[in-house]
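Data block below; observations after.
The values are calculated or read from the model by the stated rules, or taken from the named source; none is laboratory data. Worth saying up front: this structure is predicted, and the values here are computed from it rather than measured. Note that each Cβ is placed from the backbone with ideal geometry, even for glycine, and that neighbours are counted across all protein chains shown. Quick note on the areas: whole protein, heavy atoms, side chains included, nothing else; ligands and nucleic acids left out. Shrake-Rupley method; radii C 1.70, N 1.55, O 1.52, S 1.80 Å.
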Amino acid sequence: MYKAPRGTSDILPEEQGYWRYIEDKAVALCRLYGYQRLDTPAFEDVRLFARSIGEGTDIVAKEMYTFKDRSGNTLALRPEGTAPVCRVYVEYGLDNLPQPVKLYYLATIFRYERPQAGRYRQHYQFGFEAIGDADPALDAEVIDMAWQFFLSLGLNQLYLQINSIGCKICRPPYLESLKHYYSAHVADICPDCKARIVRSPLRLLDCKKPSCHDVAEAAPKGTDYLCQGCQTHFEAVQRYLRILELPFEINHRLVRGLDYYTRTVFEIQPPGEGAQSALGGGGRYDNLIEELGGKPTSAIGFAAGMERIVLNLKGQEIPVPSLPRPEIFIAYLGAEAKLEAVKLASALRQDGIAVTMAVGDRSLKAQLRQANSLGSNYVAIIGEEEVKRQAVTLRHMISGEQQVVSPLTLRKLLKKVTRG
RNA sequence: GUGAGCGUAGCCCAGAGGUCUAAGGCGCCAGGUUGUGGCCCUGGAGAUCGAGGGUUCAAAUCCCUCCGCUCACCCCA
C-alpha cells in the first residue's frame, strides 16, 4: 500500500479548520501592515540557495532536495523562503518601487531531515519580508508584526527574544575573540562544540548541553563587540520595541542558522521545553540582495512554521472556527422523487445555497442520519406524497419542525434564512 | 547521520507461549418506526496480529533480519 513519503503529511478535511484559521489570520495581518502576497516556484536554481543560505550550513550541506532536470539544470526544492523573494526583488527590478517593498508568502518548504515532533521534510511557512530600508523602526515593525500574528491566533505565554549579531565589519573580530575564548576552554566542552569552534563558532553559544552551559554563559557577548553603527541600531530597535510595549528579552546566545543574517535577529518561542520549538524567527539581512546581484539593499524578514502553530493551537486548546457545512440536505424516496430532487438541488445552488443531495436510493432514515452527521440545518424531503402535490417537506434539524411547501417557497425561505 | 520506544480492523486499543475460530470502545452499515436524524437497544460487516525467517508439539505473544512509525540528538520553522 502506498503511504505519504516520510516526513510529509496529508491535511485531511477534519484538520483543515486549523489551516484556514491560520491563513486567514496571516492574510488579515498582512493587510494591516501593508504587505502584498508573492508566490514563487517550489524549486529554484540550486545556486540561489547555496549562495544565500551559506555553503557551510546544514541546510545546504545535507538537507536540500537537489535534482537535475532533463535539460541538465541543477535545481533544488526551496529549503527556505527568503532567497526566492530576494531573487524576485532583483529579477523584476523592484528597487524601482517606493522602498521598502513589503511582501509575504505562504509556501511549502522542503528539507531532508529526520522527522520528529514539529519537524518535517515538507512543511508550510508563513513569512514576510521588508526590503529596501535599514531604519531600525522597520526592524521593530517587523518584530511587532510577528508578535501580533501570534497574539491574533490566540496563543498565550510566548517569549520574544532578540539579539544583534553585528555586521561584516564587527562580526569577524567577535568570532575571533569567541574562538580564542573557547580554545582556552576545550577541556570543558562537549565534542560537538569542539567541532563548532572551527565550523560554526556562533552556534557554540547555542549548545544545550548542561556541561557547556556555564562556558557559554561566560563567553564574550556579541553585543559587546558591535561597531558603532550596529550598536546604535540595536539600541534604537529596543527603544521602538519598548514604545510598542513588546515584552522582549535579549538573548545573547540567540544566533540563527542561516549565514545571511546581520544585526537584528529574533525568535518567538512557545511556553514549555520543546526540543526544536521556535514558532518563528527572523532577522535583518543587509548583504543578501547585493550578493544575489542587486544593488546594496538592506532588508529584514520573518518566517513562522505553520505545523508548529497547529501543534501549539492544539496544545493550548484554542478553538478554531468550524468549516462550512451544507445548508440543506435533500432526501428523496423513489425514482420520480429523485428527478425532482435533482432539479431542486440545481435550483438551490443557482440561488447560492450549499446543497448536498442524497444518492444511492437508501432509506429515509439513513438519509437523515447522513444529513445529521454532515451538520446541515435543513433537510428537504421529497417522496411520493410530495411529488403528487408538487411540494417538498422542509425539516428543520435543530427544532425538528416540518412544513410542506412549494419548491418556490422553499427557495425563498432558504434565501432569507441563509443570508448572513 | 546517531540513539531510544513502538507496529493488533478506518481510528483508539486489550492481549505477555496453549482458554485467540483475537476482546472492547469510536466510527460505518442495518433493524427496532410500510417515509423521519441526534439519545437508547439489537444485530452485522470489517484484522494475511507490519513483512520475512527461526525456536517450539504449539507463536499476536520468544529470537533474528528487514520495513514503517514515533520521540530525542544534530539542526531548523
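Bridging of A:LYS208 to lysines at a Cα separation below 29 Å is possible for A:LYS62, A:LYS168, A:LYS179, A:LYS194, A:LYS221, A:LYS314, once same-chain residues fewer than 8 apart are set aside. Three principal axis extents describe the C-alpha atoms of chain A; from largest down they are 94, 51, 49 Å. Using the Cβ-Cβ distance between A:ASP361 and A:TYR112 with R0 set to 56 Å, the FRET efficiency from 1/(1 + (r/R0)^6) comes to roughly 0.65.
At the listed q of 0.14, 0.20 Å⁻¹, the Debye profile of the range A:194-314, built from one uniform point per Cα, gives log10 I(q)/I(0) equal to -0.77, -1.40. Stretching A:GLU217 away from A:GLU235 to a fully extended chain increases their span by 4.3 nm, per 0.36 nm per residue minus the current alpha-carbon distance.
If R0 is 35 Å, the Cβ-Cβ spacing of A:LEU323 and A:ARG6 corresponds to a FRET efficiency of close to 0.75. By accessible area, using a 1.4 Å probe on protein heavy atoms only, chain A has 51% of its surface on carbon and sulfur. In the context of the full set of protein chains, residues of chain A present 52 Å² of accessible surface per residue (probe radius 1.4 Å, heavy atoms only). When both bridge partners sit in the range A:328-413, DSSP labels roughly 50% of those beta bridges antiparallel. In terms of packing, defined here as the mean over residues of other Cβ atoms within 10 angstrom, the peptides A:303-312, A:198-207 line up highest first as A:303-312, A:198-207. Overall, the ratio between the Cα radius of gyration of the range A:328-413 and 2.2 N^0.38 Å, rounded to two decimals, is 0.96. Summing charges over neighbours of A:ALA371, with a neighbour being any other residue whose Cβ is under 14 Å away from its Cβ, gives +4 when K and R count +1 and D and E count -1. Show log10 I(q)/I(0) for the range A:13-65 at q = 0.19 Å⁻¹, two decimals, from a solvent-free Debye sum over equal Cα scatterers. Each listed q corresponds, in turn, to -0.82.
Ranked highest first by average number of other Cβ atoms within 10 Å, how do A:242-250, A:118-126 line up?
Ranking the peptides A:242-250, A:118-126 by packing returns A:118-126, A:242-250.
For chain A, the 222 nm mean residue ellipticity estimated from helices alone, with every DSSP H stretch of n ≥ 4 adding -39500 (n - 2.57) and the total spread over all residues, rounds to -12000 deg cm²/dmol.
Applying 0.36 nm per residue to the separation of A:VAL404 and A:ASP39 and subtracting their alpha-carbon distance, the gain on full extension is 126.3 nm.
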